[in-house]
Amino acid sequence: MNNIKEHFNSESKEYDEIILKLIPYYKEMVKALVDSIPYNTDSKIKIIDLGCGTGTISELISKKFPNAQIICLDIAKKMIEMAKLKLSSYNNIEYVVGDFYQMSNISNEFDVVVSSLALHHLETDSDKINFYQTIYNNLKSGGVFFNADVVLGSNDYLQNKNMSRWIEFMNKSVSLKEIQDKWIPTYKSEDRPTQLIKQLKWLEKIGFQSVDIIWKYYNFSVYGGSKH
């Protein structure tokens, strides 16, 4: 996690531009996540944005749910600083520098837990399962969890196809040399994605209901469920 922290600290200023070049249809993906939050727009809901980055998700949520109270949590201090700048016109947001597990120390009653391109950094399947349980435990009854993240295909053929399509997308705005020398090695060294189908089964076993895939483009997906 220290390597990941340093990586995001160093690239925080360029992050918003980089992400559009590297993540296929990023704006569509995050819009799908926000559209899935099943509350009235005037609801006074409590939300935590795990691995908030520069605050893109929280900004979209604030626009749609102006009465929401949002906690932006990120391990990289510079990301939090960038989020504060982006969200400076909103007074409904609290900022916390720390890792994911600190959510349990902040509150045990969230209406909504969201995350974007962050939870795949959890090292092992066990880490992910345990954290999904933590999320479930920290949701109110009727609350929801949605994650927009990189995932693996269910077999080698599908995963190879995922990777080739991802490289094709990046190559529209990034040189193949940069992709091969920087972004693929970074993915292999820092990211620990897991098969999407596995994760849906974990969520159901933990107790999440209405588990669903909201949006998917090869190795990127929005998925989640609710607590009843």
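Name the single residue that is farthest from Phe220 (Cα to Cα) among those in the stretch 96-133 being in a helix (DSSP H, G or I), over 15 Å from the mean Cα position of the chain (by Cα) and among the charged types (D, E, K, R). Here the answer is Asp127.
Listed by first and then second residue, the pairs linking a residue in the stretch 48-76 that is closer than 16 Å to Lys27 by Cβ to a residue that is open to solvent by less than 30 Å² (accessible area, probe 1.4 Å) and of a type in the set (Lys, Arg), with Cβ atoms under 7 Å apart and 6 or more places separating them unless they lie on different chains, form an empty list. Of the numbered criteria (1) in a helix (DSSP H, G or I); (2) loosely packed, with under 15 Cβ neighbours inside 10 Å; (3) in contact (Cβ under 8 Å) with a residue 12 or more places away in the chain, the one Ser141 fails is (1).
Residues that are of a type in the set (Gly, Ala, Ser) and closer than 24 Å to Asn105 by Cα: which helices (runs of 4 or more DSSP H) entirely in the stretch 21-95 hold 1 or more of them?
Qualifying helices (runs of 4 or more DSSP H): 56-64, 77-86.
Residues in the stretch 216-228 that are over 17 Å from Ile129 (Cα atoms) and open to solvent by 30 Å² or more (accessible area, probe 1.4 Å) were compared, and the one that is farthest from the chain's Cα centre (by Cα) is His228. Could you list all residues from the stretch 188-213 that are free of Cβ contacts under 8 Å to residues at least 60 places away in the same chain, assigned to a helix (DSSP H, G or I), within 20 Å of the chain's Cα centre (by Cα) and under 29 Å from Ile37 (Cα atoms)? Matches in the stretch 188-213: Leu196, Ile197, Leu200, Lys201, Glu204.
The values are calculated or read from the model by the stated rules, or taken from the named source; none is laboratory data. The structure presented is a predicted model; accordingly, all values stated were derived computationally and were not measured. Note that each Cβ is placed from the backbone with ideal geometry, even for glycine, and that neighbours are counted across all protein chains shown. Ligands, DNA and RNA are excluded from the accessible area calculation, which covers all protein heavy atoms including side chains. Shrake-Rupley method; radii C 1.70, N 1.55, O 1.52, S 1.80 Å.
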